[in-house]
Amino acid sequence: MINEFHTIAEPTEGFYKEKGSKFLAFAFPVRNEEEIKVHLEALRKQYYDARHHCYAYIIGLKNQAFRANDDGEPNHSAGDPILGQIRSKSLTNCLIVVVRYFGGTKLGVGGLITAYKTAAEEALSKAEILTIYSKTKFRLKFGYDQTSEIERALGEFDVDYEDKIYTADCEYIGYLKDEDVERLEDKLELLPIEFEVLG
C-alpha cells in the first residue's frame, strides 16, 4: 500500500520572460480548496493589472483532486503545462499560479505552453521537497492504571496527538501512519482497552 507522498516545504517563486511577456510563477504548499482560494485571491489583488492568473493544483493523499485553469488563455495552453510540472515531480498538496503580463506580441499556443511550463518548473526548482505520509485517525480509551503501559506501546510509533483527555478514564485521539495501525492493534491486543479507528 502506497502511503508516502511528496509536497513542497514552503512557497517559492519563478520567473520567465518571452517577447516582452512576463510570467511570474508562485508555488504553494496547500491542504485544501479553502487555502487555494486564499492564495488565488491574494495574488489577484496584488497583481490586479495582469492579463491572466493561470493555475493548477493537486490536493489529497489517497483520494487526490486536481484542477488546471487556463484563465482566458487558449485551451490547455496554460493550466495543463503547470499541472504537468506538479505531476513530473510526483507532488501533491501543491498549488502553482502563473501570473502573466502581456508584452504585446502573441506567443502562439506552443510558445504559451513552453512559457507556462518553464515558469512553473522554475518555481519548483527552488522548492524543498518534503515526504508526507497518509495517516489514520484513532481513538484509544483506557484506565488510569494502564497509562504507563499505553505510553510505552505508543512510544514505539510516530503518533500525532490531537487530544489527550483525562476524565474518569483516559482517552487519546491521534494520527498514525496507515501501515502502523495493525502493529499497534497487535501490541494492545491483550489489554482491556477500547481501540477505535476513526478513518
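Any read-out appearing in this document is the output of simple, stated calculations on the displayed coordinates, not a laboratory observation. It should be emphasised that the depicted structure is a prediction, and the values quoted were computed from it without experimental measurement. When we count neighbours, we look across all protein chains shown, and the Cβ atoms used for this are built from the backbone with ideal geometry, even at glycine.
For the pair E34 and S88, label points projected 7 Å from Cα toward Cβ lie 3.4 nm apart. When the trypsin sites (Lys or Arg not before Pro) in the stretch 92-127 are filtered for DSSP coil states and for at most 12 other beta-carbon atoms within 10 Å of their beta-carbon, the remaining sites are K106.
Among the GluC sites (Glu not before Pro) found in the stretch 158-199, those both in a DSSP coil and sparsely packed, with 12 or fewer other Cβ atoms within 10 Å of their Cβ, are E189. Shown in residue order for the stretch 111-120 are the 3J(HN,Hα) couplings computed by the Karplus curve 6.51 cos²θ - 1.76 cosθ + 1.60 at θ = phi - 60°: x, 5, 4, 4, 5, 5, 5, 5, 4, 5 Hz (x for Gly and Pro). One decimal place: the segment D145-L130 gains 1.5 nm when fully extended, by the rule 0.36 nm per residue minus the C-alpha distance.
At q = 0.15, 0.21, 0.30 Å⁻¹ the log10 of I(q)/I(0) for the stretch 132-194 amounts to -0.42, -0.83, -1.56, computed by Debye summation with a single uniform scatterer per C-alpha, solvent ignored. Please state the shape class of the stretch 1-107: rounded when a/c is under 1.5, otherwise prolate if a/b exceeds b/c and oblate if not, all from the C-alpha gyration tensor. Cα axes put the stretch 1-107 in the prolate bin. Derived scalar couplings between HN and Hα for the stretch 24-30 equal 9, 9, 10, 10, 10, x, 9 Hz in order, rounded to whole Hz, by the Karplus curve 6.51 cos²θ - 1.76 cosθ + 1.60 (θ = phi - 60°), x for Gly and Pro. The angle separating the long axis of helix 33-46 from the principal Cα axis of greatest extent in the chain is about 30 degrees. Diffusion of the chain by Stokes-Einstein, at 20 °C in a medium of 1.002 mPa s and with Rh set to the Kirkwood radius over alpha-carbon pairs, works out to 111 µm²/s. Close amide H contacts of I132 (hydrogens built in the peptide plane, cut-off under 5 Å, sequence separation of 5 or more or a different chain): F5, H6, T7. Here's the picture: a label point sits 7 Å out from the Cα of K62 along the beta-carbon direction, and within the stretch 136-179 the residues with their amide nitrogen under 16 Å of it are 136-139, 175-179.
When the C-alpha to C-alpha distance is required to be over 30 Å, the pairs from K62/K106; K37/K126; K37/K62; K89/K135; K164/K187 that qualify are K62/K106.
For the chain, averaging the sequence separation of C-alpha pairs within contact (under 8 Å, six or more residues apart) and dividing by the residue count gives a relative contact order of 26 percent. Using the average count of surrounding beta-carbon atoms within 10 Å as a protection proxy, the listed peptides 30-43, 144-157 rank, highest first, as 30-43, 144-157. For the pair T167 and F15 in one chain, pulling the backbone fully straight at 0.36 nm per residue adds 49.2 nm over the alpha carbon distance. Modelled label positions at T114 and L191, each set 7 Å beyond Cα in the direction of Cβ, lie 6.3 nm from each other. Mean separation of Cα pairs under 8 Å and 6 or more residues apart, divided by the residue count, gives the stretch 135-197 a relative contact order of 50 percent.
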